[in-house]
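Derivation of every value follows stated rules applied to the coordinates shown; laboratory data play no part. This one's a predicted model, so the numbers in the text were calculated from it and none came from an experiment. For neighbour counting, all protein chains shown are included, and Cβ atoms are generated from backbone atoms with ideal geometry for every residue, glycine included.
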Amino acid sequence: MSKEIALSLESRKKVGSAYLKLTKPKVVALMLITAIVGMSLAPVDSFPWLQAIFGLMGIGLMAGSAAAFNHLIDRRIDARMARTHNRPLPSGELNPTSVSIFATSLGLFGFAVLYVFVNAPTAWMTFLSLLGYAVIYTMYLKRATPQNIVIAGIAGAMPPLLGWTAVTGELHANAWLLVMIIFIWTPPHFWALAIHRVEDYRKVEIPMLPVTHGIEYTKTSILLYTVLLTLVCILPVLVGMVGSVYLFLSLLLNAGFMYHAWKLKFSPDSNSAIDTFKFSIYHLLALFVALLADHYIGLFFLL
């Protein structure tokens, strides 16, 4: 009997792990960090801690829902790609009906949390972000144009604005600057992965930039975007959101990103593309931590 119980528990654990994979928890965690930065930089007289917690909960749930819908919609092409064939749906761990129910439930619950415990603008903007990623990008843009990740990047760039709006109830121009940073960061981040997995995308006829325009063109685009990103990252300093600590760290981080992009373009090896992709993840995380650090260091010296 104990053996049967142990097997049942192990089976449930595997199913639970499969559902967790659907939500892309590492991606969602990075999104929530950027949302926290948006909340922290927002000008409020008394920080609404409970509202912020519910805000992060709702944003996280709806981001997980969007990721699960992405798995559901892309299950057939995922089955043909080396990078994704072991995902829960192509591998047969889960079935489409259960994933559809799971994704819908997460999205509805997340929306309800935001609408009831945070505010309506945050709820509706998060819903629009979910639609932008799960429907507009995954169902249409991804298969329609090599500029797919550029156009749809706005959906994935929204968390700082969502965090800001969650604690203020307002849309503010400064929050859009944080959105712009992620928006410009997204293409070089994803195109580096697309170069590394170009044969996968070619096989499933997804018109990613290296498939339609060639690898060298994509490398040049990555390099130019890292230069543009460096300029965009200075904007929060120019408007007085943050100061010299962030400026120094952002210039250092962007120099690292440009170095990887330069190496990818002019002195590549077999790992240059994936190394650039991996560095870009740590780059964004460190960049938003730098925003947070500068903000609280500034507050400390004001006390």
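Sorting the segments 225-234, 186-195 by their mean number of nearby beta carbons within 10 angstrom, highest to lowest, gives 186-195, 225-234. Comparing 140, 19, 201 in a Gaussian network model of the chain, where Cα atoms under 10 Å apart are tied by springs, the biggest mean-square fluctuation is seen for 140.
Taking Lys and Arg as +1 and Asp and Glu as -1, the other residues whose beta-carbon sits under 14 Å from that of residue 201 total +2. Computed over the chain, the convex hull of the alpha-carbon atoms projects to a mean area of 17.9 nm². When 185, 164, 262 are sorted by how many other C-beta atoms sit within 10 angstrom of their C-beta, beginning with the fewest, the order is 262, 185, 164.
Highest average first, the peptides 63-73, 168-178, 118-128 ordered by how many other beta carbon atoms sit within 10 Å of their residues are 63-73, 118-128, 168-178. Using the Cα coordinates of region 172-303, the gyration tensor eigenvalues translate into equivalent-ellipsoid semi-axes of 32, 14, 11 Å, sorted from longest to shortest. Of the cross-linked pairs 219/278; 24/142; 26/219; 24/278; 14/203; 219/263, those separated by over 21 Å at the C-alpha level are 26/219; 14/203.
Show log10 I(q)/I(0) for region 112-152 at q = 0.13, 0.15, 0.28 Å⁻¹, two decimals, from a solvent-free Debye sum over equal Cα scatterers. The Debye formula, applied to the Cα set alone, gives -0.35, -0.43, -0.81. Divide the volume of the convex hull around the Cα atoms of region 14-170 by the residue count and you get 104 Å³ per residue.
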